[in-house]
Each structure stands twice: as C-alpha cells, then as structure tokens.
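**Q** Sharing a structure with you now.
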Amino acid sequence: MRFNVAQILKATTGASRRYELDEDISGIDDDLQILSSLIGRVVFTHTLDEILVTGRLSTVLQAACPRCLESYPLDVEIDLEEEFVPSVDIWVGASLPISEQVDPGLVIDEHHVLDLSEVVRQYLVIAQTTCPSCRPDCAGLCSLCGQNLNLGQCSCSEVTLDPRLAVLKELL
C-alpha cells in the first residue's frame, strides 16, 4: 500500500487524489489472522504542509470471542483519517525536520512514497482487541468448570455463595 505522492505535494493546497484499494494484507502482522482482502477507497488531500489521508476500508479478521473464547470471523471497517508528513522538501530536495512527536509510520519517505501499511496495521490491531462477542446471546464460559455454555449446560452444582456476602443474601 505504497503511493508516490510527489505530484500531489507539488499541487496547490486542497488538491486531492482518490484511490480504490483491493489489497492482500495477509502478512501485515504475525498476530493478525486476515481472512479477506482489504477493500475500500482512500482520498489523499494536500494540506498546507502535509497529506491528509481519509477513507473507509474493510476486511475480515479471525477473532476470539471475549466471552466463550471461540474463534469467529469479525467484519472490520476502518474509518481512516491521518496526516502524513513529508521528510524531504518537494521543491529543493532538502531534508525537513520531523518532530519527535510524529509517529514514524506517518512520515513520507525521501522518495515521496507514502506507505499506509503501518497505519492500517495499527487500526486492525485496535479493532481486534476491542472485538464484540461472537453473537449477542453468547452465554460464555462456566466460571467453575470452564465449559462453553453455548454448547450446553455444565454439570456444576449451584454456585456457592461467598460467605462474606451471606449477610446480603438474608436481606432478599
């Protein structure tokens, strides 16, 4: 997902370019199991000194349900909005100072190539770590034996009450 943005950096402020994406991103991160291509549209807009990248992208990840721990396909939609900073002045070729606060994944390289890979990887990692349960009525795991309650009831007896809370039970 590398784009040469030299022409847009030379254009007037407000100029933009649109790109349709259909990328195989299976090797973007060893911890992510990608099940489909990354598809969508991105728009590169020349701001005063930077390139603003906006767009909506989607893919499918293999995720683990936080309730029952079963794997399931998770549809992920990314609303992308990031500003990329050039490292070289497009007109004179001189290196530009990059603030220490700028993420290295948001720097346009010395050949005026903007790489979306790291930004997309970060968005996907966040989407995977905040994934919803596999289904709205997921029963989760038994807190005593660990059985997946979606597959049936476990053979555990009634939950024993913590003796420290016995006084509260008497109030009911």
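The values are calculated or read from the model by the stated rules, or taken from the named source; none is laboratory data. Note that the coordinates shown come from a computational prediction; the quantities given were computed from them, not determined experimentally. Neighbour counts are summed over all protein chains in view; Cβ atoms, including those assigned to glycine, are modelled from backbone coordinates with ideal geometry.
**Q** Here are some conditions: (1) modelled with pLDDT under 90; (2) in the same structural domain as Ala11 (by TED's automatic domain parsing); (3) more than 22 Å from Gln7 (Cβ to Cβ). Leu144 meets all but one. Which one does it not meet?
**A** (2)
**Q** Hey, any hits in segment 117-140 for a residue that's part of a strand (DSSP E or B), in contact with a strand residue (DSSP E or B) (Cβ under 8 Å, 6 or more places away or on another chain) and not aromatic (Phe, Trp, Tyr)?
**A** No, there is no match, as no residue in segment 117-140 is part of a strand (DSSP E or B), in contact with a strand residue (DSSP E or B) (Cβ under 8 Å, 6 or more places away or on another chain) and not aromatic (Phe, Trp, Tyr).
**Q** Could you check segment 101-121 and list, in sequence order, the residues that are within 23 Å of the chain's Cα centre (by Cα) and more than 18 Å from Met1 (Cβ to Cβ)?
**A** Gln101, Val102 - these are the residues of segment 101-121 that are within 23 Å of the chain's Cα centre (by Cα) and more than 18 Å from Met1 (Cβ to Cβ).
**Q** Still on this structure: I'm told Ser95 meets every condition in (1) surrounded by 13 or more Cβ atoms within 10 Å (Cβ to Cβ); (2) hydroxyl-bearing (Ser, Thr, Tyr); (3) at pLDDT below 95 except one. Can you identify the failing condition by its number?
**A** (1)
Results for (1) assigned to a strand (DSSP E or B); (2) more than 23 Å from Thr129 (Cα to Cα), shown as yes or no for each residue.
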| residue | (1), (2) |
| --- | --- |
| Thr12 | no, yes |
| Tyr19 | yes, yes |
| Ile28 | no, no |
| Phe44 | yes, yes |
| Thr54 | yes, no |
| Ser58 | yes, no |
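**Q** Consider only pairs whose beta carbons are under 7 Å apart and that are at least six residues apart or on different chains; among these, list those whose first residue lies in segment 14-32 and is in the same structural domain as Thr47 (by TED's automatic domain parsing) and whose second residue is part of a loop (DSSP other than H, G, I, E, B) and among the polar types (S, T, N, Q).
**A** Asp22/Ser37; Glu23/Ser37; Asp24/Ser37
**Q** Scan segment 57-75 residue by residue and report those that are among the charged types (D, E, K, R) and under 12 Å from the mean Cα position of the chain (by Cα).
**A** The answer is Asp75, and nothing else.
**Q** Please find, among Val120, Val125, Val107, the residue that is surrounded by 16 or more Cβ atoms within 10 Å (Cβ to Cβ) and either among the charged types (D, E, K, R) or touching a residue at least 24 places away in the same chain (Cβ under 8 Å) (or both).
**A** Details: Val125 fails: surrounded by 16 or more Cβ atoms within 10 Å (Cβ to Cβ); Val107 fails: either among the charged types (D, E, K, R) or touching a residue at least 24 places away in the same chain (Cβ under 8 Å) (or both).
Result of the check over Val120, Val125, Val107: Val120.
**Q** Let me ask you something else. Which members of segment 36-57 meet the condition of being surrounded by 14 or more Cβ atoms within 10 Å (Cβ to Cβ), in contact with an Asp or Glu (Cβ under 9 Å, 6 or more places away or on another chain), of a type in the set (S, T, N, Q) and closer than 27 Å to Leu9 by Cα?
**A** Across segment 36-57, the qualifying residue is only Thr54.
**Q** Answer yes if at least one residue in segment 76-91 is under 20 Å from Leu52 (Cβ atoms), under 24 Å from the mean Cα position of the chain (by Cα) and outside any strand (DSSP E or B), and no otherwise.
**A** No: segment 76-91 contains no residue that is under 20 Å from Leu52 (Cβ atoms), under 24 Å from the mean Cα position of the chain (by Cα) and outside any strand (DSSP E or B).
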